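Reading through the structure tokens given below for one structure.
Just so it is clear, none of the values below were taken in a lab; they were calculated from the coordinates. Since this is a predicted model, take the numbers as computed values, not measurements. Neighbour counts are summed over all protein chains in view; Cβ atoms, including those assigned to glycine, are modelled from backbone coordinates with ideal geometry.
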Amino acid sequence: MAYTQPELPFAEDALDPHISANTLGFHYGKHHATYVKKYNDMVAGTPYDDQSIEDVIVATANDPDKAGVFNNGAQAWNHSFYWNCLSPEGGGKPSGEIVAKIESDLGGYDAFKNEFANAAATQFGSGWAWLVLDAGRLKIVKTANAQTPLANGMYPLLTIDVWEHAYYLDYQNRRPDYIAAVIDELLNWEFVSENLLKAQV
Ligand code: MN3
């Protein structure tokens, strides 16, 4: 069964001016779509075809012979997850159960914000910054290229894509400005809270 690229959860121009329709057109319509297509082409007719994309990502991580399947599968999954982390109504401080968890595990919202922004800004080259649940505790991690905490037994709650294709049309080299805009204006805390609830079941 092929992996289907999910619909964007908002209109292509809904995140403007923080992330433009032009960026989303390329990022969702070209980059993400290509990862999905390549993944499906690579797994077609193999035993991976019968497995969920999450299982394939875990099975192919750290296997150099399976780098193509892993890279395209992980990038397909990471992007599907990333779109849900953004919302035109997002940004700012969270509410709900996540607030106390951020307080106890990370030292509060300001500490979260600094650590998350720093992880995203200091990921050298292409990659991702994440808020994850790791053995019951919130943690901020960064990953290179297609790497994903899913492959390391962590439960992803939130991510930001820091590949240049995510921001270059809007911000050029100013990655920290893109990161600040996402945190202050777009982060979908409702999605993060849903993920936390699912992770704790
Ligand atoms: Mn991307």
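Okay, here's what the table says:
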{"read-out": "Helix 67-84 vs. the chain, principal-axis angle (Cα, 0 to 90°, nearest 10)", "value": "40"}
{"read-out": "Assigned charges on the beta-carbon of Lys, Arg, Asp, Glu; region 1-153 dipole about Cα centre (debye)", "value": "340"}
{"read-out": "Cβ-defined net charge surrounding GLN200, 12 Å radius [Lys, Arg +1; Asp, Glu -1]", "value": "+1"}
{"read-out": "Selection from PRO9, THR60, PRO47 lying farthest towards where the dipole of the chain points positive, charges on Cβ", "value": "THR60"}
{"read-out": "R0 of 35 Å, Cβ-Cβ distance ASP13-TYR155: FRET efficiency to nearest 0.05", "value": "0.65"}
{"read-out": "Using alpha-carbon coordinates, inclination of helix 33-43 to the longest axis of the chain, degrees", "value": "40"}
{"read-out": "Dimensions (Å) - the chain, Cα atoms, principal axes, largest first", "value": "48, 39, 29"}
{"read-out": "Flagged links, alpha-carbon separation over 18 Å, of LYS93/LYS113; LYS101/LYS142; LYS37/LYS198", "value": "LYS101/LYS142; LYS37/LYS198"}
{"read-out": "Cβ-Cβ FRET estimate between SER52 and ALA111, R0 fixed at 45 Å, reported to 0.05", "value": "0.80"}
